[in-house]
Amino acid sequence: MKHRNTVFHQLLKFLPRHRFQATVDRHKGDHRARTLTCWDQLLALLFCQLSSRQSLRDLVDGFNSKQAQHYHLGTDVIRKSSLADANRNRPVQIFQETFFYLLEKVRGKLPNSEINGMVRLIDSTTIDLNLNQFEWAEFRSTKAGIKLHTVYDPKAEIPVYFEMTNAKVNDRKALSKLPMMSGMTYVVDRAYNDYSWYYSLTKQGSTFVGRMKKNALYEVIEFRAKNSDAILSDEVIKLTSDKGKKDCPISLRRITFRREEDQKVLIFISNDLERSAEEIAGLYKQRWQIELFFKWIKQNLKIKKFLGRSENAVLIQVLAALITYLLLKLIQLESQCSFSLQKIARLMSLNLTSRRSLLALLHPESDRKKMGKIFTPQLELEVSFV
C-alpha cells in the first residue's frame, strides 16, 4: 500500500488539531476570522520555516502551489493580506502555549537520566533589525534589534524557556522574568553577574556557576588544594564590598582556571562548596552548547528576515521557529535515527510535500527491515515501501 500522507502531514501528528484548537478557543484567536483561521496561520508559518521561504509573498505562493497536498490538513488557499493581518493581530499566547505543549512532549520522550538533568544554561542572543522598518525595536541611534533570553537544557538539547525583549534590555534585568527552580545548577556568563540573584538562588536551594568580575572586593577564608594544572587557585571567599555584603552574605567559591586551548585565564564564582574545581570548570565549559543552539536556529530557521514589521508579528514568527525546532527534535527522538537535526531539517525541506513515510526518509532500507516494527504508529511508520 502506498503511503498517502505527506511528510508535512506526518510531522503534524505531534500537534493534534483539536489540542491546538482548544488553545485558540481559550484565547478567542479565531474571533471574526472569515478566511484564515489560527490553524491555517500555524501551518503557513511552519511551512515557511521548513521550506525556507524568503518573504511573505514567497511563502504564500509556495504554500498555495501545494494546495493538492494540503487539503488533508484542513486548510485551503491563503491570502497574503489575511496572513499579514493574522501575524499582526492574533494573540501571541496561542503560539507560546503551543511551544510549551510540545516542550513537554519532547521531555516525555527523553530517558529518565536526561529528564532529571539538573544543569541549565542561561544566555541571550541578539537579532539585528532594520531601524527604518522596526522602529519599536530601536536600541542604538542607527540600529534596531531584539534579544532572545533563553534557559537551555544541555542534556536534552532543548530550550526550556525564553523571553524576547528589546535588544537594549540588559541581560541582568531580564533575569527577573526567567523562571528559576530549586535544585538546579544555573550556568551563566559575566553579563549575568548579580549578587542579589546569586543569593536568591542559594536561598531556594539552587547552585550557580558564573564569571567573577576582576574588580570584585572579597576576602579569602579558605585555600583549597589544586588537583589539576589548569586550576590556578581554588578559594572560599566572602564578598567585602558594601553591596556584596548586603546582597550576598554567604561563603562562595572563587576558582581561577586557565583554558587549555587558548591559555585564557577565567575566574569563576559559585555557591557550590561541594563539587571539585575541575567539575565547576567543566560546568562552565558546557556554555558552548547554548551558543551552538543560537547558531543553529539562526542558520537553519527563519529568524533573521521577518514576514511582518510589528512586534506581535516578530514574536509569533520567533515562536513558530522554536515550535519547528521542537517538532524536528520529536522526529529525531521518535524515529530513533542517528541524523543530526540539521540533516533532518534538510531532508524535511526537500521532501515536505512528498507522499513518503518518515521511516523511509530517515532510515536506510536495511535498517527499516530490522527496526520497522518497533516504531510507534504516531509517525505512521509501519507501512509498505514502494
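The values are calculated or read from the model by the stated rules, or taken from the named source; none is laboratory data. Note that the structure is predicted; figures quoted are calculated from it, not measured. Neighbour counts run over all protein chains shown; Cβ positions are idealised from the backbone, glycine included.
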Of everything in segment 136-157, what is under 13 Å from Lys168 (Cα atoms) and of a type outside the set (Val, Ile, Thr)? Give them in sequence order. Trp136, Ala137, Glu138, Phe139, Arg140, Ser141, Lys143, Ala144, Gly145, Lys147, Leu148, His149
Tell me which residues, restricted to segment 6-24, are in a helix (DSSP H, G or I) and either touching a strand residue (DSSP E or B) at 6+ places or on another chain (Cβ under 8 Å) or farther than 16 Å from Ala86 by Cβ (or both). Val7, Phe8, His9, Gln10, Leu11, Leu12, Lys13, Phe14, Arg17, His18, Arg19, Ala22
Counting only residues that are in a loop (DSSP other than H, G, I, E, B) and of a type in the set (S, T, N, Q), segment 25-44 contains a total of 2
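Listed here are the residues, each with its yes/no results for (1) under 20 Å from Val7 (Cβ atoms); (2) under 21 Å from the mean Cα position of the chain (by Cα); (3) without any contact (Cβ under 8 Å) to a residue 12 or more places away in the chain.
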| position | (1), (2), (3) |
| --- | --- |
| Thr37 | no, no, no |
| Leu43 | yes, yes, no |
| Phe47 | yes, yes, no |
| Gln54 | no, no, no |
| Leu59 | yes, no, no |
| Lys66 | yes, no, no |
| Gly74 | yes, no, no |
| Val77 | no, no, no |
When every residue in segment 117-135 that is closer than 18 Å to Ala174 by Cβ and polar (S, T, N, Q) is compared, the one farthest from the chain's Cα centre (by Cα) is Thr126
Could you list, in sequence order, all residues of segment 192-201 that are part of a helix (DSSP H, G or I) and in contact with a Lys or Arg (Cβ under 7 Å, 6 or more places away or on another chain)? Tyr192, Tyr195
Selected residue (criterion: surrounded by the most Cβ atoms within 10 Å (Cβ to Cβ)) from residues of segment 272-312 that are small (Gly, Ala, Ser) and in contact (Cβ under 8 Å) with a residue 60 or more places away in the chain: Gly308
Condition test on Thr126, is it closer than 25 Å to Gln332 by Cα, of a type in the set (Val, Ile, Thr) and not assigned by TED's automatic domain parsing to the domain that holds Arg19? no
Out of the strands (runs of 3 or more DSSP E) lying entirely within segment 62-166, which hold 1 or more residues that are of a type in the set (Phe, Trp, Tyr)? 144-153, 158-166
Please note which strands (runs of 3 or more DSSP E) are completely contained in segment 205-244 and include at least 1 residues that are touching a residue at least 60 places away in the same chain (Cβ under 8 Å) and either of a type outside the set (Val, Ile, Thr) or under 29 Å from Met181 (Cβ atoms) (or both). 207-211
Subset of segment 211-247 [out of contact with any helix residue (DSSP H, G or I) (no Cβ under 8 Å at 6 or more places or on another chain) and of a type in the set (Asp, Glu)]: Glu219, Glu222, Asp229, Glu235, Asp242
One residue is enough: does segment 167-185 have a residue meeting the conditions assigned to a strand (DSSP E or B), out of contact with any Pro (no Cβ under 7 Å at 6 or more places or on another chain) and outside the structural domain of His27 (by TED's automatic domain parsing)? yes
So Ser206, is it hydroxyl-bearing (Ser, Thr, Tyr) and not assigned by TED's automatic domain parsing to the domain that holds Thr256: no
Which one is surrounded by the fewest Cβ atoms within 10 Å (Cβ to Cβ), of the residues in segment 141-178 that are more than 15 Å from Thr125 (Cβ to Cβ) and of a type in the set (A, V, I, L, M, F, W, C)? Val160
Only one of these is out of contact with any Ser or Thr (no Cβ under 8 Å at 6 or more places or on another chain) and assigned by TED's automatic domain parsing to the domain that holds Leu326: Arg53, Arg79, Arg88. Name it. Arg53
Can you name the residue in segment 317-366 that is assigned to a helix (DSSP H, G or I) and touching a Gly at 6+ places or on another chain (Cβ under 9 Å) and is also surrounded by the fewest Cβ atoms within 10 Å (Cβ to Cβ) among such residues? Gln317
